[in-house]
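First up is the structure itself, then whatever we jot down about it.
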Amino acid sequence: MTTKARSAAGLNEAMRILARHGAGAAAVTGCVLDDTESGSVETVVWTPDRLTRTSVARLPIRLCGTGDLFTALLIARLCEGRDLHEAGSGATGEILAVLRRTQAAGSQEMQIAGFPFVPIKTLGVVS
């Protein structure tokens with residue numbers, strides 16, 4: 001039986017089912033749930049103790065590599081010691097900023113060169 005999770009409660013239940021099969025946590029981007037505000041898209045982060053939703057504006061552009069960049073930003077924050085929920089929210093905000101910058105430039109390639117990403121001090125990237 002296949003069920004689509006279209007609500008926070010449905011997502012929570014779906015993740016609990018996946019957890020029984022070994023998934024300890026999840027971050028899912030590009031979610032539009034039944035109660036997602038019109039014109040928005042969400043990143044949903046689930047851990048056994050909570051589910052968080054970070055809503056941002058849905059932009060009229062679709063670029064290759066946004067998932068890769070999201071993952072890199074998420075992992076950098078996790079390496080810095082932030083929890084998955086905070087890391088997911090921060091990565092989502094930076095992705096939105098990159099996409100807005102790209103849209104303003106009228107480009108089909110993400111405009112990341114020279115982008116003021118949040119410094120990750122504990123990784124030795126910034127002195």
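The values are calculated or read from the model by the stated rules, or taken from the named source; none is laboratory data. None of the values given here were measured: they were computed from a predicted structure. Glycine gets a Cβ as well: all are built from the backbone with ideal geometry, and neighbour counts include every protein chain shown.
I'm checking my understanding of the structure. Among residues of the range 28-73 that are assigned to a strand (DSSP E or B) and of a type in the set (S, T, Y), which one is surrounded by the most Cβ atoms within 10 Å (Cβ to Cβ)? Here the residue is T43.
Are any residues in the range 21-69 of a type in the set (K, R), at pLDDT 95 or above and over 22 Å from Q111 (Cα atoms), and if so, which ones?
Once the filter is applied, which keeps residues that are of a type in the set (K, R), at pLDDT 95 or above and over 22 Å from Q111 (Cα atoms), the range 21-69 yields only R53.
R58 fulfils the conditions (1) under 15 Å from the mean Cα position of the chain (by Cα); (2) farther than 19 Å from A97 by Cα; (3) of a type in the set (K, R) except for a single criterion, (2). Please indicate, with yes or no, whether at least one residue in the range 7-21 is within 12 Å of I95 (Cα to Cα) and out of contact with any His (no Cβ under 6 Å at 6 or more places or on another chain). No: zero hits.
Only residues that are part of a helix (DSSP H, G or I) and more than 19 Å from V28 (Cα to Cα) were counted in the range 80-109, giving 6.
Looking at the range 74-113, which of the residues that are among the hydroxyl-bearing types (S, T, Y) and under 13 Å from the mean Cα position of the chain (by Cα) is surrounded by the most Cβ atoms within 10 Å (Cβ to Cβ)? Going through the qualifying residues, I end up with T92.
Mind listing whichever residues of the range 8-29 are touching a residue at least 12 places away in the same chain (Cβ under 8 Å) and touching a helix residue (DSSP H, G or I) at 6+ places or on another chain (Cβ under 9 Å)? Of everything in the range 8-29, those that are touching a residue at least 12 places away in the same chain (Cβ under 8 Å) and touching a helix residue (DSSP H, G or I) at 6+ places or on another chain (Cβ under 9 Å) turn out to be A25, A26, A27, V28, T29. In the range 110-125, the residues that are more than 16 Å from A97 (Cβ to Cβ) and assigned to a loop (DSSP other than H, G, I, E, B) form Cβ pairs under 8 Å with partners that are of a type outside the set (A, V, I, L, M, F, W, C) and at pLDDT below 85, at six or more places apart or across chains, as follows: V125/P119.
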